[in-house]
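Have a look at the structure below, then the notes.
The values are calculated or read from the model by the stated rules, or taken from the named source; none is laboratory data. These numbers were taken from a predicted model, which means no experiment stands behind them. Note that each Cβ is placed from the backbone with ideal geometry, even for glycine, and that neighbours are counted across all protein chains shown. All accessible areas refer to the heavy atoms of the entire protein, side chains included, with ligands and DNA or RNA removed. Shrake-Rupley method; radii C 1.70, N 1.55, O 1.52, S 1.80 Å.
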Amino acid sequence: YEGEPILLLYGTNEKALDIIAAEIKVEYETDYTIYSMESHTDEQIDKNLTYTRGKPDKKFEKAATVVEGQFFTSAQNHFDLEPQGASAEFSGSKMIVSCATQWPFNVRDNVAACLDLTIKNVSVNVPAMGKTHSGKLWYAGLLACYAAIVTWKTKKPSICVITKTESILYTPGRAASIIKHRTGLDENGKIICRDIDISINSGAYPMLSDEVINRICFSAAGAYFVPALSSTARRLKTNTHPSG
């Protein structure tokens, strides 16, 4: 996906690193065949969850009126005041990582796995943060691993910070979705059945897919109690950046 890290450069002079990075040319082939959500294939489905109550099909046959609608939500980007980044240093035999994260144990476990350390030898410091959201869940662990790798290789403190533009474009935000509602009503306008189908764009690497589609599937019907309900939610893999 666009914005995916593929090469890690490190050094003591930021301007020198910028010059080196500008001279590096990466050749690659692009396959956009799995970009679409509207005409997705079975291979794109990362997770599928269906909740059913009653017998919606039979209720729809008896419905006096059927109302259908299709809705779309776009992907959401974050506009943080503070930059996304992480630092790493050694304190004795322990790796000390600092980053703005809502999930410090995920950072600790991933740094430990990345460097083949025990979790007791990794400590995570969380500074005061601004607004919290999905961009500060697992993504901080990615940058923490980069900083930890450099410190592990050089035995010196390091820092990894992405630019403001990269933070806005590539950190995980709310996923884009396609939502289809079909509702059956009786002669008095009372809801007797509903069929809800939701597709979520999870990006190239589905993250937290179980939690996301569980919440979507079980909350899709809203505040209405419907005796016959079918609610399906699926996460689709595309070549966009991972969503929150």
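With a 1.4 Å probe and every protein chain kept in, tell me what percent of the accessible surface of segment 1-126 is carbon plus sulfur. C and S fraction of accessible area: 50 percent. For segment 149-190, the list of trypsin sites (Lys or Arg not before Pro) that fall in a loop by DSSP and count at most 14 other C-beta atoms within 10 angstrom reads Lys155, Lys190. Taking the 0 to 90 degree range and rounding to the nearest ten, how far is the long axis of helix 104-115 tilted relative to the main principal axis of the chain, both from C-alpha atoms? On a 0 to 90 degree scale, this one is about 60. Beta-bridge orientation, segment 91-240: approximately 40 percent antiparallel, per DSSP, counting only bridges with both partners inside.
Multiplying the residue separation of Glu23 and Asn125 by 0.36 nm and subtracting their alpha-carbon distance yields 33.2 nm.
The value obtained for the chain, namely the Cα convex hull volume divided by the number of residues, is 159 Å³ per residue. For the pair segment 48-95 and segment 128-201, the centres of their Cα atoms are 9 angstrom apart. The length gained on full extension between Ala16 and Thr52, counted as 0.36 nm times the residue separation minus their Cα-Cα distance, comes to 7.0 nm. A 1.4 Å probe run over the protein chains yields, for segment 32-115, 66 Å² of accessible area per residue, whole-number rounding. Rounded, prolate or oblate for segment 112-244? Axes are the square roots of the Cα gyration tensor eigenvalues, ordered a ≥ b ≥ c, and the cut-off for rounded is a/c under 1.5. Judged from the Cα gyration tensor, segment 112-244 comes out prolate (a/c at least 1.5, a/b above b/c). To test your reading of the geometry: what angle, between 0 and 90 degrees and rounded to tens, separates the Cα axis of helix 209-219 from the longest principal axis of the chain? Between helix and principal axis, roughly 30 degrees. Taking all Cα pairs closer than 8 Å and separated by 6 or more residues, the relative contact order of the chain comes to 30 percent. Helical runs assigned H by DSSP (4 residues or longer) give the chain a calculated mean residue ellipticity at 222 nm of -7500 deg cm²/dmol, each run adding -39500 (n - 2.57) before division by the residue total.
Angle between the Cα long axis of helix 14-23 and the longest principal axis of the chain, 0 to 90 degrees, nearest 10? So the inclination is approximately 70 degrees.
Computed from backbone phi with θ = phi - 60° and the Karplus coefficients 6.51, -1.76 and 1.60, the 3J(HN,Hα) list for segment 237-242 is 8, 9, 9, 9, 5, x Hz; x is used for glycine and proline. Highest mean packing first, where packing is the average number of other Cβ atoms within 10 Å per residue, the peptides 55-62, 198-205, 108-115 line up as 198-205, 108-115, 55-62.
Taking all protein chains as shown and a probe of 1.4 angstrom, Met207 keeps an accessible surface of around 60 Å². State, as an integer percentage, the relative contact order of segment 117-244 based on alpha-carbon contacts under 8 Å between residues 6 or more apart. Normalised by residue count, the contact order of segment 117-244 is 24 percent.
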